[in-house]
Amino acid sequence: MNFYVMTLFPEMVRDGLHTSILGRAADSGIIGIEAVNIRDYTLDKHRHVDDYPYGGGAGMVMAPEPIKRCYEAILDKRGKKERPRVVYLTPWGKVFNQTMAKELAAEEDLVFLCGHYEGIDERILSEIVTDYVSIGDYVLSGGELPAMVMIDAIARMVPGVLTNEESGMTESFENNLLEYPQYTRPEVWNGEAVPEVLLSGNHQKIAEWRMERSIDRTLTYRPELIRGAVLDKKAQKYYKKRLSEADLPDSKDNR
Ligand code: 6GU
């Protein structure tokens, strides 16, 4: 799978994505990550990529022409008939999640457009963008970090990127349950022992304990996720038990 990132900060994207699991996948050719500098597609002597907003107001707006030329260079390089999906990173986009990561991982090529300043001229957006995506409800200075977040999450879903051992990690989130707690040596650390069951060698008991701790953690930190979880019989029974013992609100909240 190939990722093309249109950006004013190509080295940030390149450096950020060539470590660890993604670096390994890129080196082995399973994924390609290409950061393309929009500024290389300007035509004026000073290589301007932005200009004042029509109608006035603070900040600058990225001009359409360099982006158009940058996009066309990517299309030429790619040399295919169908147009690729183009993701524009913006706080007003649809909020990214694991389901979207999985869906986008089925694409052969993906193009990301990273904005800066006060935004991008609407005419180039309506011409090339197919997906408007945000990574959460807060404002960042540009689209590079969101693009890198998305590429990491999407690339992990591409077959061959994760080893067998690594691929377990994603499944729990797909199942809408949070990870259970993990422990390693020493058996007692800082006066606290590893839960006995994990030393028992009883794999069924261990699986059951982990399932229960996943449910506990999800109910504590992300209770809204549980609705989408697929629970087997035992897990359902435990979940119902947990609900039946749910704390009544404190008396102070109960006035
Ligand atoms: Cl995609 N872009 C920017 N600039 N800020 C964001 C965002 C994207 N998602 C959340 N905040």
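We did not get these values from a lab; they are worked out from the coordinates using the rules stated. Just so it is clear, the structure is predicted and the values come from calculations on it, not from any experiment. Because the Cβ atoms are built from the backbone with ideal geometry, glycine has one as well, and the counts that use them run over all protein chains shown.
Cα-based values for the chain, radius of gyration first and Dmax second, are 23.6, 71 Å.
Taking the convex hull of the alpha carbon positions in the stretch 1-96 and averaging its projected area over all directions gives 8.5 nm².
Using Cα-Cα distances under 8 Å and only pairs 6 or more residues apart, what relative contact order does the chain have, in percent? All intermediate terms of the calculation are to be shown ahead of the outcome.
On the way: 326 pairs, mean separation 46.8, N = 255.
Relative contact order for the chain comes out at 18 percent.
Fewest-first ordering of H116, H46, H18 by other beta carbons within 10 Å of each residue's beta carbon gives H46, H18, H116.
Between D44 and D232, what is 0.36 nm times their sequence separation minus the Cα-Cα distance? Round to one decimal in nm.
Taking D44 through D232 to full extension adds about 61.4 nm, to one decimal.
Take the Cα of A73, step 7 Å toward its Cβ, do the same at Y52, and the gap between the two points is 2.9 nm. Note on the chain: antiparallel DSSP beta bridges, both residues inside, total approximately 15 percent of the bridges counted.
Under the combined filter of DSSP loop state and at most 10 neighbouring Cβ atoms within 10 Å, the stretch 1-75 retains these trypsin sites (Lys or Arg not before Pro): K45. With 0.36 nm allotted per residue and the present C-alpha distance subtracted, the K205-D152 stretch has 15.7 nm of extension available. What pairs from K102/K237; K102/K241; K205/K240; K45/K68; K102/K240; K102/K234 go past 23 Å between their alpha carbons? In this structure, K102/K237; K102/K241; K102/K240; K102/K234 lie more than 23 Å apart at Cα.
Of T90, T130, T184, which is the most mobile in a GNM of the chain whose springs link Cα atoms less than 10 angstrom apart? Of T90, T130, T184, the most mobile in the Gaussian network model is T184. Ignoring the sites themselves, the chain has its longest run without chymotrypsin sites (Phe, Trp or Tyr not before Pro) in a DSSP loop having at most 12 other Cβ atoms within 10 Å at 139-255.
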